[in-house]
Each structure stands twice: as structure tokens, then as C-alpha cells.
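To start, the structure under review is shown below, and the notes come after it.
The values are calculated or read from the model by the stated rules, or taken from the named source; none is laboratory data. Only a predicted model underlies this, so the values are computations on that prediction, with no experimental measurement involved. Neighbour counts run over all protein chains shown; Cβ positions are idealised from the backbone, glycine included.
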């Protein structure tokens, strides 16, 4: 009986002592790189210049931090603020800001969030997705809102991302 207890105790000790610790399950996720943001800026800028649209372009990472920014010559001061607000709204809501603008205009109960996070719910902001997950957002301001969205879409298209 004592031998059985000793054997079980030894087995329990070895199981605990030599067991490998369970590793944490970490999710792998894609991240928006500076190189990707620069590629987006170049494509967006090319479209804006070709159409003579004086815009500002902001690209945010998944945390809402500015990763890249471009202000074309002649872009209005307000465009610097609005492009970042459009990108922030697209990131937070995970939708194009055109959808948010339409919801607010249609009175469908979409809050305006004035003063909450500096979001601009006007067309021109698009979320950036990889593998179905949001990894950032691009926002453009300074031209007509539909033109701003075209410039933002050019940035997404440069990475092969469809909206």
C-alpha cells in the first residue's frame, strides 16, 4: 500500500515537474505597415493631382493613430482636420463614412457624436480591411465629398483591397 502511494506521488510529481506550461493563445493579425500606407498615399495623391483636387489624406492604423499624412498644395486648412476625422469615423464604425452621412441625414437614429473622438461623418472615409478585419482607415478631405471618396478608394485599390 505504501509502495502504491509512493508510486502515485512520484507520478504526480513528475507530471507537474516536467509538464510543459500551456502557452497563451495569441491571435495573429495583419497590421498596416508604413510601406503600405506610403503606397496608398502615392496612389491617392496621383488621382487627386490628375483631377486637380487639392486634398489632404490621412491614414490611421488600427489604434486610430496617424501613420501617414499628405497635404497637397492648395489644400484648405479644414481639410487637414476633416480627413483625419473621416478616417477616425470609418475606423470606429467599420463602415464608409458615406453610410454614416446617409444615416444621420435620414434621421435613422445615428448619433452625431459631436465632440466625441473628433469624428467627421461625411463621405470620404473608408475602413482598411485585411482578412475581414479592420486594420486601419483612410480619410480624404478638401474636394467634393464624392471626389474625396474616389481618392480614398484609389488608396485601397493600390493594395488590392476592395470595399
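Answer yes if at least one residue in region 142-161 is over 13 Å from the mean Cα position of the chain (by Cα) and at pLDDT below 95, and no otherwise.
Looking for residues that are over 13 Å from the mean Cα position of the chain (by Cα) and at pLDDT below 95, one finds at least one in region 142-161, hence yes.
Please name all residue pairs, on different chains or six or more residues apart, with Cβ atoms under 8 Å, provided the first residue is in region 26-53 and is within 21 Å of residue 144 (Cβ to Cβ) and the second residue is modelled with pLDDT under 95.
Qualifying pairs under 8 Å: 40/159.
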